[in-house]
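Only one structure is covered here, and it is reproduced in the block below.
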């Protein structure tokens, strides 16, 4: 690996897009924009799981990736000093990182979730967080068929177990996005000395909060059980506060049944612009996650717009929301939501606190300085 040049580093972003796009895709988009704005030459080498059939995905997982030569060519074309990798499964794998290093690039692997160990990444099963798979022992995920079918569970279990040590070997730096996630990764087998904690950043921060004028509570994200939106629905109904839910997913039918008869609007999957509009009209964002969300962009973006957030005590949420972290009990959520809603001034004050936390911890300038240290610049 060559030392980085004095001029802005040339960066290649490596990412295997998920079938259902989410916060990680937004992180990659914002990172590309931030680096470009700071004068770096930025290119992307991406694959899309939506375009990969089951057999190709299985080959990628078991082989350690399918496109190492293409990645090496991209590094050469970009003359990349740094390859910043995000999700690499199933099509890129450890071979992509090895190819980048062989071309002389510094390889940074950003860990947004627990996919080094967990076949579904979110480490959640049967209504609770699950960290049974650890080290190279992915047999629990096979036994529990966390990927659904037994054949797919076997492929993921074997693929992750084979790839994990090689991914760790081929990364010059590992990035976790919260202290809570870093601690959990160490428990699962990642060397602590290899990890740098670098929380996600936001691209823009509002001048002031207008949450006191908000007309509803908002929840945003993929509609899956681990996001806890049933708690948001129960709390909003108990507090008699309108709730708007942005997102789609497999839990939608159950959530609609729970919301029946209440003042709850399902908005579906929104564009970034439409979601920003919903945040501007909200008095509070509800994030009652049951899983160990590391650093959800829905929470950061709400805080950056001056919207106070009530979040669960799981994962990295307490690091983001501070005093807004709550136990996962619907009564506690209804009480906190009611107290916030009764006083518009308290919502505005809480929104200003959120803005202060974002400016201190997630602003572009501070993030960029910390990122350059990870890059070795």
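Numbers at a glance
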{"quantity": "Selected residue [touching a residue at least 40 places away in the same chain (Cβ under 8 Å) and farther than 22 Å from residue 295 by Cβ] from 59, 79, 38", "calculated": "79"}
{"quantity": "Any hit, region 11-23, residues being farther than 21 Å from residue 112 by Cα and outside any helix (DSSP H, G or I)", "calculated": "no"}
{"quantity": "Of all residues making up region 155-180, the number that are closer than 25 Å to residue 57 by Cβ and in a helix (DSSP H, G or I)", "calculated": "16"}
{"quantity": "Flag if residue 24 is modelled with pLDDT of 95 or more and surrounded by fewer than 22 Cβ atoms within 10 Å (Cβ to Cβ)", "calculated": "no"}
{"quantity": "Some residue of region 268-278 being touching a residue at least 60 places away in the same chain (Cβ under 8 Å) and part of a strand (DSSP E or B)", "calculated": "no"}
{"quantity": "Subset of region 181-196 [part of a strand (DSSP E or B) and under 19 Å from residue 121 (Cβ atoms)]", "calculated": "195"}
{"quantity": "Members of region 287-340 that are part of a helix (DSSP H, G or I), crowded, with 20+ Cβ neighbours inside 10 Å and touching a strand residue (DSSP E or B) at 6+ places or on another chain (Cβ under 8 Å)", "calculated": "298, 299, 302, 303, 317, 320, 321, 324, 333, 337, 340"}
{"quantity": "Region 38-59, subset over 22 Å from residue 77 (Cβ atoms) and touching a helix residue (DSSP H, G or I) at 6+ places or on another chain (Cβ under 9 Å), residue surrounded by the fewest Cβ atoms within 10 Å (Cβ to Cβ)", "calculated": "54"}
{"quantity": "Set 217, 235: member being assigned to a helix (DSSP H, G or I) and buried (at least 17 other Cβ atoms within 10 Å of the Cβ)", "calculated": "235"}
{"quantity": "Residues located in region 238-257, provided they are surrounded by fewer than 17 Cβ atoms within 10 Å (Cβ to Cβ) and part of a helix (DSSP H, G or I)", "calculated": "238, 253, 254, 256, 257"}
{"quantity": "Verdict on residue 262 being in a loop (DSSP other than H, G, I, E, B) and more than 21 Å from residue 200 (Cβ to Cβ)", "calculated": "yes"}
{"quantity": "Residue that is farthest from the chain's Cα centre (by Cα) [pool: residues in region 72-87 that are surrounded by 24 or more Cβ atoms within 10 Å (Cβ to Cβ) and under 22 Å from residue 165 (Cα atoms)]", "calculated": "82"}
{"quantity": "Selected residue [on the phi > 0 side of the Ramachandran plot and modelled with pLDDT under 95] from 376, 268, 315", "calculated": "376"}
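The values are calculated or read from the model by the stated rules, or taken from the named source; none is laboratory data. This one's a predicted model, so the numbers in the text were calculated from it and none came from an experiment. Cβ sites come from the backbone with ideal geometry, for glycine too, and all protein chains shown count toward neighbours.
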